[in-house]
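Remarks on the structure that follows.
The values are calculated or read from the model by the stated rules, or taken from the named source; none is laboratory data. Values in this document were obtained by computation on a predicted structure and should not be read as measured data. We place every Cβ from the backbone using ideal geometry, glycine too, and count neighbours over all the protein chains shown. For the accessible areas, the whole protein counts, side chains as well, though only heavy atoms, and no ligand, DNA or RNA atoms are used. Shrake-Rupley method; radii C 1.70, N 1.55, O 1.52, S 1.80 Å.
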Amino acid sequence: MPQLHLKHLHVAIEKKSILTIEQMSLACGKIYGIVGPSGSGKSTLLRVVNLLQKPLTGTMNYWGEEVDLASLSHAKALAIQRQMAFVAQQPVMFHTSVFDNVAMGLRYRKLDRKTIRERVSEALQLVDLADRIHQQAATLSGGEAQRVALARAIVLNPRLLLLDEPTASLDPANVSIFEQVIKGIHQQRGTTIMIVTHNLPQAKRLADHCLFVHKGRIVESADTSTFFDQPQSQELADFISGRMIY
Ligand SMILES: Nc1ncnc2c1ncn2[C@@H]1O[C@H](COP(=O)(O)OP(=O)(O)O)[C@@H](O)[C@H]1O
Ligand SMILES: [Mg+2]
């Protein structure tokens, strides 16, 4: 039983087709790598799933709840959005402590202070920054700030974690730490994860299943070893071997 199912999705901006997906299914507790050339529609896919961008047509079944994406009410969108979390390429830190940065979403949900303290410290442990809880977030390194952004997402206990090129601006050492943290979160919580990455070895290391997005379509979708070892399309074969594709 898929936990997320998209059907008949069509996104266009000013009459230009951006993304067309007949159907896409994600199973609970897996890590999905989303790869493809720049401009192919990967971020659009995450934004549509996160209900930040309205398509022209499309339905989404999210953990059993079926919604029409083109005519979704704000209240319904918010209820679903609260079961997912998004981390973008560049972390945005507020000029307060690490604790406050991570606690934000929980305060917004009006949880009591004790629960907030517990969940924030648990999230910071998962990203290996428990000792930075009182530090000013603006003084963190880029790699640490990105892990705080991840803690801010996972503190919400999302069913689905959406990561849009989260390590693109990190140096190799921090990429490796970030990947370990993702694996740890996945092992401990079984969170379903969609990670957009232009780093193919990273997709290989992290993902159970990969999707190849090209020119606004999912051209290939397969378990990770099949995806890389036996690409079915010339486009994916070219992309994997580093040849330029358009
Ligand atoms: N607001 C917008 N207005 C016009 N075109 C857009 C807008 N947002 C995205 N696009 C276009 O949609 C396509 C897919 O973009 P995107 O999903 O960001 O690609 P990716 O994340 O794969 O690099 C690109 O051609 C991009 O230029
Ligand atoms: Mg993008």
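Of the listed residues Asp68, Asp164, Asp100, the order by accessible area with a 1.4 Å probe, largest first, is Asp68, Asp100, Asp164.
Only one residue of Leu78, Gln125, Ser17 has its Cα farthest out toward the positive end of the dipole of the chain, where Lys and Arg carry +1 and Asp and Glu -1 on Cβ, and that residue is Leu78. Extension gain, Ser169-Asn61: 0.36 nm per intervening residue step, less the Cα-Cα distance, totals 35.6 nm. Counted over region 92-157 with a bin width of 5 Å, the fraction of Cα pairs per bin, in whole percents, is 4, 21, 36, 25, 11, 3, 0. Between Glu122 and Ala77, full extension at 0.36 nm per residue minus the direct alpha carbon distance yields a gain of 13.4 nm.
Only protein heavy atoms count here; under a 1.4 Å probe, His10 has an accessible surface of about 50 Å². Within the chain, antiparallel bridges make up roughly 60 percent of the DSSP beta bridges whose residues both belong there.
A simple count of charges around Asp238, restricted to other residues whose Cβ falls under 14 Å of its Cβ and scoring Lys, Arg +1 and Asp, Glu -1, yields 0. Assuming charge only on the beta carbon of Lys and Arg (+1) and of Asp and Glu (-1), the dipole of the chain about its Cα centre is about 720 debye to the nearest 20. Counting lysine pairs in region 1-159 that sit 8 or more residues apart in sequence, or on different chains, and whose Cα atoms lie under 22 Å apart gives 14.
The phi torsions of region 169-176, fed into the Karplus equation with coefficients 6.51, -1.76 and 1.60 and a -60° offset, translate into couplings of 9, 9, 6, x, 5, 6, 4, 5 Hz, rounded to whole numbers, with Gly and Pro shown as x. Taken about its Cα centre, region 33-173 carries a charge dipole of roughly 480 debye when the Cβ of each Lys and Arg holds +1 and the Cβ of each Asp and Glu holds -1.
Each Cα pair under 8 Å and six or more residues apart adds its sequence gap; the mean of these over the residue count of the chain is a relative contact order of 26 percent.
Of all DSSP beta bridges confined to region 47-191, the antiparallel ones make up roughly 55%. A Förster distance of 41 Å, applied to the separation of the beta-carbon atoms of Ser38 and Arg113, puts the FRET efficiency at 0.40. Each other residue within a Cβ distance under 13 Å of Asn174 adds +1 if Lys or Arg and -1 if Asp or Glu, for a net charge of -3. Ranking Ile154, Ile13 by solvent-accessible area of protein heavy atoms (1.4 Å probe, all protein chains present), from largest to smallest, gives Ile13, Ile154. Taking the square roots of five times each eigenvalue of the Cα gyration tensor of region 128-234, the equivalent ellipsoid has semi-axes of 29, 15, 12 Å, listed largest first. Think of it as helices only: each DSSP H run of n ≥ 4 in the chain is worth -39500 (n - 2.57), and spread over all residues that comes to -11000 deg cm²/dmol at 222 nm. Rolling a 1.4 Å probe over the heavy atoms of the protein chains gives the chain an accessible area of 49 Å² per residue. Normalised radius of gyration (Cα atoms, divided by 2.2 N^0.38 Å) for the chain: 1.02.
Computing the accessible area with a 1.4 Å probe over protein heavy atoms, can you report the carbon and sulfur percentage for the chain? Solvent-exposed carbon and sulfur of the chain make up 51 percent of the total.
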